[in-house]
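Engineer: One structure, pasted below without further comment.
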Amino acid sequence: MAKKKEKQIKIDEKHQELEERLKRTMADYQNLERRIEEERRLLSKLSAMLLVEKLLPVLDNLEIAQKHLNDEGLAMVIKQFKDILTQEGVEEIEVIGQQFDPNQHEAVETEEGENENTVASVIAKGYKIEDKVIRPAKVVVVKSGVPSQIEQEKEEEQFQMEDQ
């Protein structure tokens, strides 16, 4: 009888060990499924970002053409284009009057002014999906004590005239 009890105890221990192994394996499998799903979402998001990045110059060109042509049909196409981008989670980066943020803005020029480090104007629009910047906005940043591009050109012209 003692042998039967010992055998039953061993069977119960083995059963418990196998049950714990099964639980760990199931947890590992669920973690793997979550990781794979997250990687799929990330890959999908990356693919969307790459496609949008290729399409943005087309939108820029359409908007430039619209400024010159002022065509109703072209305005509708641009609106439709922007609506599709919005549906895909693409947002235009707000810039005018904002503090310069090197993570979202690319300073291509400076101009003199009072509001140090604020964005004065936009050279090219920037776009993002959620918090990921697809393309930074190219902007003119206000700096105090820095002569503007026009003032620098005037000074250079005067200097050249004095040399002649």
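The values are calculated or read from the model by the stated rules, or taken from the named source; none is laboratory data. Model, not experiment: these values are computed from the prediction. As a convention, Cβ positions derive from the backbone with ideal geometry for all residues, glycine included, and neighbour counts pool all protein chains shown.
Engineer: Taking the criterion of being within 16 Å of residue 132 (Cα to Cα), loosely packed, with under 11 Cβ neighbours inside 10 Å and modelled with pLDDT under 95, would at least one residue in the stretch 29-41 satisfy it? Give the derivation first.
Structural biologist: To start, the set of residues in the stretch 29-41 that are within 16 Å of residue 132 (Cα to Cα) comprises 41.
Those still in the list that are loosely packed, with under 11 Cβ neighbours inside 10 Å too: 41.
Adding the requirement that they be modelled with pLDDT under 95 leaves 41.
Yes - at least one qualifying residue is present in the stretch 29-41.
Engineer: For residues in the stretch 120-141 being under 26 Å from residue 54 (Cα atoms) and more than 18 Å from the chain's Cα centre (by Cα), which is surrounded by the most Cβ atoms within 10 Å (Cβ to Cβ)?
Structural biologist: Here is the first cut: in the stretch 120-141, the ones under 26 Å from residue 54 (Cα atoms) are 121-140.
Add one more test, that the residue is more than 18 Å from the chain's Cα centre (by Cα), and what stays is 121, 123, 140.
On the way: 121: 12, 123: 13, 140: 20.
The residue in question is 140.
Engineer: Would you confirm whether any residue within the stretch 128-141 is of a type in the set (D, E, K, R), under 27 Å from residue 46 (Cα atoms) and touching a Leu at 6+ places or on another chain (Cβ under 7 Å)? Spell out how you get there, then give the answer.
Structural biologist: At the first step, the residues of the stretch 128-141 found to be of a type in the set (D, E, K, R) are 128, 130-132, 135, 138.
The next check asks that each one be under 27 Å from residue 46 (Cα atoms); those that pass are 128, 130-132, 135, 138.
From what is left, the residues that are touching a Leu at 6+ places or on another chain (Cβ under 7 Å) are 135.
Among the residues of the stretch 128-141, at least one is of a type in the set (D, E, K, R), under 27 Å from residue 46 (Cα atoms) and touching a Leu at 6+ places or on another chain (Cβ under 7 Å), which makes the answer yes.
Engineer: Across the stretch 52-62, which residue is farthest from residue 93 (Cα to Cα) among those that are surrounded by 11 or more Cβ atoms within 10 Å (Cβ to Cβ) and without any contact (Cβ under 8 Å) to a residue 60 or more places away in the chain? Give the steps one after another, and end with the answer.
Structural biologist: Within the stretch 52-62, the subset surrounded by 11 or more Cβ atoms within 10 Å (Cβ to Cβ) is 52-53, 55-57, 59-60, 62.
Going one step further and asking which of them are without any contact (Cβ under 8 Å) to a residue 60 or more places away in the chain, we end up with 55, 57, 59, 62.
Values: 55: 16, 57: 16, 59: 15, 62: 18 Å.
For the stretch 52-62, the residue satisfying everything is 62.
Engineer: Does residue 45 meet the test of being among the basic types (Lys, Arg), out of contact with any Leu (no Cβ under 8 Å at 6 or more places or on another chain) and either touching a residue at least 24 places away in the same chain (Cβ under 8 Å) or surrounded by 13 or more Cβ atoms within 10 Å (Cβ to Cβ) (or both)? Steps first, answer last, please.
Structural biologist: Working: among the basic types (Lys, Arg): yes; out of contact with any Leu (no Cβ under 8 Å at 6 or more places or on another chain): yes; either touching a residue at least 24 places away in the same chain (Cβ under 8 Å) or surrounded by 13 or more Cβ atoms within 10 Å (Cβ to Cβ) (or both): yes.
Here the answer is yes, as residue 45 does meet what is asked.
Engineer: Within the stretch 49-60, can one find any residue that is charged (D, E, K, R) and in contact with a helix residue (DSSP H, G or I) (Cβ under 9 Å, 6 or more places away or on another chain)?
Structural biologist: no
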